[in-house]
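Report on the following structure.
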Amino acid sequence: MKLRDEFLQELQNHLGQTNCDLAVTDGPRTLNCKIEQCDPLAVAITQLTLETSELASVDVAKLQAASQSLCQRVNYLLEPISPIETDADGCVVQMRSSPPQKNDAGRYYYELLLRRGGAVALCRYEKLAGTARSQVAATLTHEVLGRLTEDFNATIDEVLAS
């Protein structure tokens, strides 16, 4: 809760700011957020990452189990999240919106990465017809960002306890 509360307080200190980075640390865990625009109700972010050295020696099986749990916890975004790929050599589990949001222009989806070494990260992408995917801002309320912080923390705790 401490990391979440400090993060939400820092968001208040960044109201009205654009194109800035915010970092909050609690012990071995650092939450980094790349902000495009911070408003009183919502924040347009390009990345939210919880980094920690605590996952330095975890194996891929533990990350896979934790990714399933994370997908069940994070049920409040625009689309449901599911694990889609595991890189056993790099010890990374990739999760994405399943199904992605679609419109006439293309597809939009969240991508979460859970990696040994260690980080839990969230980004949003768009894939327009005939082009490569590109990262776009995700507009999330302060409440949702607080929940993501708690869920990322809980996922790391779960990996360490298993």
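Here are a few things to note about the model shown:
- Pairs, first without any contact (Cβ under 8 Å) to a residue 60 or more places away in the chain in the stretch 42-59, second of a type in the set (A, V, I, L, M, F, W, C) and in a loop (DSSP other than H, G, I, E, B), C-beta under 9 Å, six or more apart: Asp59/Cys91
- Residue that is nearest to Leu55 (Cα to Cα) [pool: residues in the stretch 89-99 that are touching a residue at least 24 places away in the same chain (Cβ under 8 Å) and assigned to a loop (DSSP other than H, G, I, E, B)]: Cys91
- Where strands (runs of 3 or more DSSP E) fall entirely within the stretch 11-53, those with at least 3 residues that are over 14 Å from the mean Cα position of the chain (by Cα) and under 25 Å from Ile156 (Cβ atoms) are at 18-26.
- Counted residues, the stretch 125-143 - those being surrounded by 16 or more Cβ atoms within 10 Å (Cβ to Cβ), in contact (Cβ under 8 Å) with a residue 40 or more places away in the chain and part of a strand (DSSP E or B): 3
- Looking only at the stretch 110-147, and only at residues there that are of a type in the set (Ser, Thr, Tyr) and over 12 Å from the mean Cα position of the chain (by Cα), the one that is farthest from Leu50 (Cα to Cα): Thr131
- Matching option when the condition is in contact with a strand residue (DSSP E or B) (Cβ under 7 Å, 6 or more places away or on another chain) and basic (Lys, Arg), among Arg4, Arg73, Arg29: Arg29
- Residue identified as more than 15 Å from Ile45 (Cβ to Cβ), in contact (Cβ under 8 Å) with a residue 60 or more places away in the chain and surrounded by 14 or more Cβ atoms within 10 Å (Cβ to Cβ) among Gly117, Gly146, Gly106: Gly117
Bear in mind that the values in this text are calculations on the coordinates, not laboratory data. The model shown is predicted, which means the values in this text are computed figures rather than measured ones. Here Cβ is always computed from backbone atoms with ideal geometry, including for glycine, and neighbour counts include all displayed protein chains.
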